[in-house]
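Written out below as structure tokens is the structure these notes cover.
Please treat every number below as a calculation from the coordinates, not as lab data. Worth saying up front: this structure is predicted, and the values here are computed from it rather than measured. Positions of Cβ are backbone-derived with ideal geometry, glycine not excepted, and every protein chain shown enters the neighbour counts.
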Amino acid sequence: MIRLPGLALLLLAGTASAQKNLDKIINEKEVARIEKVLSADELMGRRPFTPGIEKAADFIAAEFKAAGLQTFSGSSFRQTFSIVRPKQISASATVNAIQLTPQQFVVVTSQPDLKVDAASNYNKIRIAAGANLFSEARRLAGAGKNMLILVDTSFSKNFGSLAGLKRNLIKSEYNVVFILTQEDPVTYLIEAKHEIPEPQSLSNVVGILPGKSKKDEYVIFSGHYDHLGIGKPVDGDSIYNGANDDAAGTTAVMMLAKYFSSIKDNERTLVFAAFTAEESGGFGATYFSRQFDPAKVMAMFNIEMIGTESKWGKNSAFITGYEKTDMGTILEKNLEGTGFKFYPDPYIELDLFYRSDNATLARLGVPAHTISTSKMDAEPNYHKPSDEFETLDMKNMAEIIRAIALSSRTIVSGKETPSRVNTSSLK
């Protein structure tokens with residue numbers, strides 16, 4: 001494979017000035033500057049609800065402001081929401097005059113008192129036999145609507161596991177009730193009381209670059225900036241720095257924000273998002289996704305662990321869910337002549353497409369993919385204190401980020417739109 005100096009001559013990128021901006025802004029030195037801050041011991045592993053992650057959020061917000069981005073809403077780059085951990089005190093359910101056992105229903109709510117009956121006008125939806133229970137349950141529970149979800153009795157053995165959806169909740173006015181039944185509830189009454197502890201706040205960091213002719217169409221560049229914090233010491237080191245996972249992806253998002261803000265040729269609105277709490281349940285991406293009409297999101301580039309070489313070596317990365325849309329084909333076409341190569345995800349058995357922050361929007365049909373280089377079967381520092389700055393390849397990281405910028409250009413310009421994920425075939 002040809003080794004590229006700054007992705008060579010930018011054969012299809014358009015202008016010499018664009019190449020100059022690309023190399024000037026997305027360079028090894030600047031990538032290293034940002035990566036060093038995000039993975040420093042001072043941030044103590046960026047665990048949610050700690051001073052370290054707050055420092056990281058402040059740094060990202062300051063960089064977004066310096067790049068000339070606008071806030072997504074309000075005056076702050078922080079997109080703040082609350083997590084609650086409800087404790088159920090009591091619950092009962094009657095359907096068509098039959099009293100249900102506790103094993104036949106699950107109430108997911110962040111409200112202390114809940115009463116649902118036929119007059120409540122909840123959206124009534126069924127999860128049919130043969131569906132993926134957990135994928136469908138997560139998708140429906142995150143839809144931002146009051147839901148009465150009827151679950152086919154073929155899921156009796158696994159139904160109780162849906163209680164896991166209520167352990168940590170994004171505080172919301174919406175409620176979801178799962179009922180294990182074959183019947184169509186005509187009359188029903190579900191009542192529940194919960195003890196709701198004091199909510200805890202989390203923040204994504206989000207900036208936008210408004211589009212020109214297609215400002216109501218969105219292209220998202222994202223990565224998560226949280227990690228594991230302080231953990232079990234290994235060789236005397238207890239700080240899980242998360243340099244690759246995912247300070248590397250967050251660094252890429254910040255570099256792309258600087259680049260696109262500099263050239264200002266985006267017809268579509270670009271959204272740059274650093275998500276919180278990916279490691280503890282994907283809460284940041286879930287909340288973020290609820291702020292968008294998925295039909296208006298044209299593409300999502302989620303970037304995760306790009307600090308090490310891929311299994312194919314330098315100047316290469318893989319795309320999760322490559323076969324689910326034609327987005328990978330578009331990106332490959334935009335990179336023709338550069339020598340950089342995107343590959344389909346080689347770790348299909350790990351189901352990575354639905355395990356990162358792209359998943360919430362992907363389940364809604366958005367061509368939302370994760371770009372990574374992580375050798376998932378052989379990353380020696382994954383989720384260890386040894387995931388530190390010194391283990392990463394800054395030069396290769398810069399090449400990957402430049403490749404993402406180049407590969408996205410026809411999508412950013414509105415000239416091409418990837419096909420949608422077929423949600424009827426959710427895994």
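Helix 248-263 and the longest principal axis of the C-alpha atoms of the chain enclose an angle of approximately 60°.
The fraction of Cα-Cα pairs per 10 angstrom bin, counted from 0 for the stretch 152-215, comes to 11, 31, 25, 17, 14, 1 percent, rounded to whole percents. Taking 0.36 nm per residue of separation and subtracting the Cα-Cα distance, full extension of the segment from residue 173 to residue 97 would add 24.6 nm. Distances over 20 Å make up what percent of all Cα-Cα pairs in the stretch 34-162? Tail of the P(r) past 20 Å holds 64 percent of the pairs. GNM on the chain, alpha-carbon springs under 10 angstrom: the most fluctuating residue among 31, 186, 366 is 186.
Each Lys and Arg contributes +1 and each Asp and Glu -1, all at the Cβ; summed about the Cα centre of the chain, the dipole is approximately 880 debye.
Across the alpha-carbon atoms of the stretch 86-195, the computed radius of gyration and Dmax are 12.6, 35 angstrom.
Bridge orientation summary for the stretch 86-195: considering DSSP beta bridges with both residues in this region, about 65 percent are antiparallel. Axis angle, to the nearest 10 degrees, between helix 16-25 and the longest C-alpha principal axis of the chain: 70 degrees.
Our coupling estimate for the stretch 63-78, obtained by passing each phi through the Karplus curve with A = 6.51, B = -1.76, C = 1.60 and θ = phi - 60°, is 5, 4, 5, 5, 6, x, 6, 9, 6, 6, 7, x, 9, 10, 6, 7 Hz, Gly and Pro reported as x.
In this calculation the C-beta distance from residue 341 to residue 189 is compared with R0 = 45 Å, giving a FRET efficiency of 0.15. Projected onto planes of every orientation and averaged, the convex hull of the alpha-carbon atoms in the stretch 134-277 covers 14.2 nm². In the chain, the ratio of gyration radius to Kirkwood radius, Rg to Rh, stands at 1.00 when only Cα atoms are counted. In Å, what Kirkwood hydrodynamic radius results for the stretch 208-338 from the alpha-carbon pair distances? Value: 16.5 Å, from the Cα pair sum. Where both bridge residues fall in the chain, DSSP classifies roughly 55% of the beta bridges as antiparallel.
Each residue of the stretch 322-380 gets 94 Å³ once the volume of the Cα convex hull is shared out per residue. Against the main long axis of the alpha-carbon atoms of the chain, helix 394-407 sits at an angle near 70°. Projecting the alpha carbon convex hull of the stretch 192-255 along each direction and taking the average yields 8.7 nm².
Model label sites at residue 296 and residue 237, defined 7 Å from Cα along the beta-carbon direction, differ in position by 4.4 nm. Show log10 I(q)/I(0) for the stretch 306-427 at q = 0.09, 0.15, 0.16 Å⁻¹, two decimals, from a solvent-free Debye sum over equal Cα scatterers. Here log10 of I(q) over I(0) equals -0.26, -0.72, -0.81. Put in line by how crowded their Cβ is, counting other Cβ atoms within 10 Å and starting with the fewest, 292, 155, 260 read 292, 155, 260.
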